[in-house]
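Have a look at the structure below before the remarks.
The values are calculated or read from the model by the stated rules, or taken from the named source; none is laboratory data. Keep in mind it's a predicted model, so treat the numbers as computed, not measured. For neighbour counting, all protein chains shown are included, and Cβ atoms are generated from backbone atoms with ideal geometry for every residue, glycine included.
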Amino acid sequence: MSIRLVTAPLEIDFDFAKSGAEEFEREYQSLSESDDDPIGQWLKIAKARGETKETDPVLLNLLVELHRKVDQLTQIVKNEEPKRIPLSMHAEIEAIGFEHFRLKEPLLQKSERYYGRIAMPVFPKRDVAIWFEALDSRVAKIVRMHERDIKEWNSYVTARERIMIREMKRK
């Protein structure tokens, strides 16, 4: 089996799926609703009503993200942190593909299932929750990811491929 991967500087926190499946599933579902903050809910309702038709979508998204940043700064000042389940392992991802990724270090156990969070360097920055299965000690297949996250993941993989192609052309 041939898996096409491109280099990507990502990090992942993960744990065995068995060690807290119910807790992990709850967090997985909550991370899917990352737009479930008050401003995100308001924006969804406004779009559904057609109230944003005459608004520049880029400007609107930037404004919403500024509001979220203010909320984050408020949380920092108040010493509030988003609740995340502590995961026992942390690793650097060396390369990614549309359905796979490879760790720098051999930390996985073949055929084991894991739950993880990847900090995605996209706008807006956020954690992406995934379920994955180890194909060997370093390579994993993504088994489950939210629909919106799949789109962002695929866009990121494509962007990394373009960077790799540009670098190869320069050489």
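Go over the candidates E167, E81, E152 one by one and state the one that is modelled with pLDDT under 95, under 22 Å from F24 (Cβ atoms), among the acidic types (D, E) and in a helix (DSSP H, G or I).
E152
Can you confirm whether E94 is assigned to a loop (DSSP other than H, G, I, E, B), under 27 Å from E27 (Cβ atoms), touching a residue at least 12 places away in the same chain (Cβ under 8 Å) and touching a Lys or Arg at 6+ places or on another chain (Cβ under 8 Å)?
In short, no.
For residues in segment 8-55 being exposed (fewer than 14 other Cβ atoms within 10 Å of the Cβ) and basic (K, R), which is modelled with the lowest pLDDT?
K44
Filter segment 55-80 down to residues that are charged (D, E, K, R), farther than 12 Å from L43 by Cα and under 22 Å from the mean Cα position of the chain (by Cα), then give me how many there are.
Of the residues in that region, 4 qualify.
Scan segment 48-71 and tell me whether some residue there is touching a Phe, Trp or Tyr at 6+ places or on another chain (Cβ under 6 Å) and assigned to a loop (DSSP other than H, G, I, E, B).
no
Among the residues of segment 85-141 satisfying the criterion of being within 18 Å of P9 (Cβ to Cβ), β-branched (V, I, T) and more than 12 Å from the chain's Cα centre (by Cα), which is surrounded by the most Cβ atoms within 10 Å (Cβ to Cβ)?
The qualifying residue surrounded by the most Cβ atoms within 10 Å (Cβ to Cβ) is I96.
Identify all residues within segment 145-160 that are surrounded by fewer than 16 Cβ atoms within 10 Å (Cβ to Cβ) and in contact (Cβ under 8 Å) with a residue 60 or more places away in the chain; write none if there are none.
If the condition is that a residue be surrounded by fewer than 16 Cβ atoms within 10 Å (Cβ to Cβ) and in contact (Cβ under 8 Å) with a residue 60 or more places away in the chain, then R148 is the only one that fits.
With the structure loaded, tell me whether E133 is in contact with a Ser or Thr (Cβ under 9 Å, 6 or more places away or on another chain), acidic (D, E) and free of Cβ contacts under 8 Å to residues at least 24 places away in the same chain or whether it fails that test.
Answer is yes for this residue.
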